[in-house]
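Trainee: One structure coming up, written as structure tokens, with questions to follow.
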Amino acid sequence: MHVHSAIAKLREALAPHRRSGARIGLVPTMGNLHQGHLALVEAARERCDLVVASIFVNPLQFGPSEDLDNYPRTLEADLAKLEAAGCDMVFTPTPATMYPDGLDGQTLVRVPEVSEGLCGGARPGHFDGVSTVVSMLFHIVQPDVACFGEKDYQQLAVIRRMVHDMHMPIEIIGVPTVREASGLALSSRNGYLSEAEHATAAELQATLVTLARSLEAGADIDATLKEGRARLASHGFAPDYLELRARDLGAVTATTRDAILLVAARLGATRLIDNLTVTLPR
């Protein structure tokens, strides 16, 4: 496995593979890797001849009160995991590499509508940072395929819309959420939870499962969501949002059948997100 921190060196290393017609896959990450990230590498490995992962804690997607400085940097452990997972190359740029002129005045890529509300409402500017850095990575690596986790459902939707609108010749693969036995979605933020909070956190998914069953049985949407918020609060969560959307993140209408429940809630100081697909009755 080859590790590159300079853009020119990465491009130089990729050039002969591209000339030979190799299918290149990209897995963008911020490091602090867990099995969910490695599932993305596996998905890329299944579809591509060459797998590139990036490790970059992107300052552009962190708000002023968020945990950029405290975000875990575990590069050596991450590289070992990626090599064991069959990754071929890793791109490990610094902020100075990606933003040589600083963040002020940086050109931004903004994806309207789909980035608004949900996490976009709770974290203003977050998805501008995500779409900007991902578009840069796409430009640098020029992958044929890029893999993203379905746990970050709105992020996946933003990337898909960006690729569509910008006519980028990249296949975007959504990879199912990897969960603990309790049902808790794997997340780098789970490491912030205390032992007691970790035990409680599985209630987030359990609540979604209960709500989905009610909705699929024809229960009233507003009443069901209200019950869900109350259930989360009773377990110590402070919900940011709990919403039912169409799969494209549009509003649910009388004709919507394929929908998705999306939740973000704080447990102590840790913000957790999850989602669950729902098939609404006719």
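Trainee: Pairs please, first residue from region 62-81 and farther than 12 Å from Arg123 by Cβ, second anywhere and assigned to a loop (DSSP other than H, G, I, E, B) and hydrophobic (A, V, I, L, M, F, W, C), Cβ atoms under 6 Å, 6+ apart in sequence or on different chains.
Mentor: Leu68/Phe62; Tyr71/Val57; Asp78/Leu33; Lys81/Leu33
Trainee: Can you list the helices (runs of 4 or more DSSP H) found entirely within region 142-261 that contain at least 2 residues being touching a residue at least 12 places away in the same chain (Cβ under 8 Å) and charged (D, E, K, R)? Before you say what the answer is, go through the steps one by one.
Mentor: Numbers: elements: 153-165, 195-201, 203-216, 221-234.
Those helices (runs of 4 or more DSSP H) span 153-165, 203-216, 221-234.
Trainee: List every residue pair whose Cβ atoms sit under 6 Å apart, with the two residues 6 or more apart in sequence or on different chains, where the first one lies in region 2-15 and is without any contact (Cβ under 8 Å) to a residue 12 or more places away in the chain and surrounded by 13 or more Cβ atoms within 10 Å (Cβ to Cβ) and the second, anywhere, is of a type in the set (Phe, Trp, Tyr) and outside any helix (DSSP H, G or I).
Mentor: none
Trainee: Is one or more of the residues making up region 122-140 in contact with an Asp or Glu (Cβ under 8 Å, 6 or more places away or on another chain), closer than 27 Å to Leu244 by Cα and not in a helix (DSSP H, G or I)?
Mentor: As a first pass, look at region 122-140 and keep what is in contact with an Asp or Glu (Cβ under 8 Å, 6 or more places away or on another chain): 122-123.
Within this subset, residues satisfying the condition of being closer than 27 Å to Leu244 by Cα are 122-123.
Now restrict to residues that are not in a helix (DSSP H, G or I): 123.
Checked against the condition, which is being in contact with an Asp or Glu (Cβ under 8 Å, 6 or more places away or on another chain), closer than 27 Å to Leu244 by Cα and not in a helix (DSSP H, G or I), region 122-140 yields at least one hit.
Per-residue answers, yes or no, for (1) at pLDDT below 95; (2) out of contact with any helix residue (DSSP H, G or I) (no Cβ under 9 Å at 6 or more places or on another chain); (3) of a type outside the set (S, T, N, Q); (4) not assigned by TED's automatic domain parsing to the domain that holds Gly121:
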residue: His164; (1), (2), (3), (4): no, yes, yes, no
residue: Met168; (1), (2), (3), (4): no, no, yes, no
residue: Ala181; (1), (2), (3), (4): no, yes, yes, yes
residue: Tyr192; (1), (2), (3), (4): yes, yes, yes, yes
residue: Val209; (1), (2), (3), (4): no, yes, yes, yes
residue: Ala217; (1), (2), (3), (4): no, yes, yes, yes
residue: Phe237; (1), (2), (3), (4): no, no, yes, yes
residue: Tyr241; (1), (2), (3), (4): no, no, yes, yes
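The values are calculated or read from the model by the stated rules, or taken from the named source; none is laboratory data. This one's a predicted model, so the numbers in the text were calculated from it and none came from an experiment. Cβ coordinates were reconstructed from backbone atoms using ideal geometry, including for glycine residues, and neighbour counts include every protein chain displayed.
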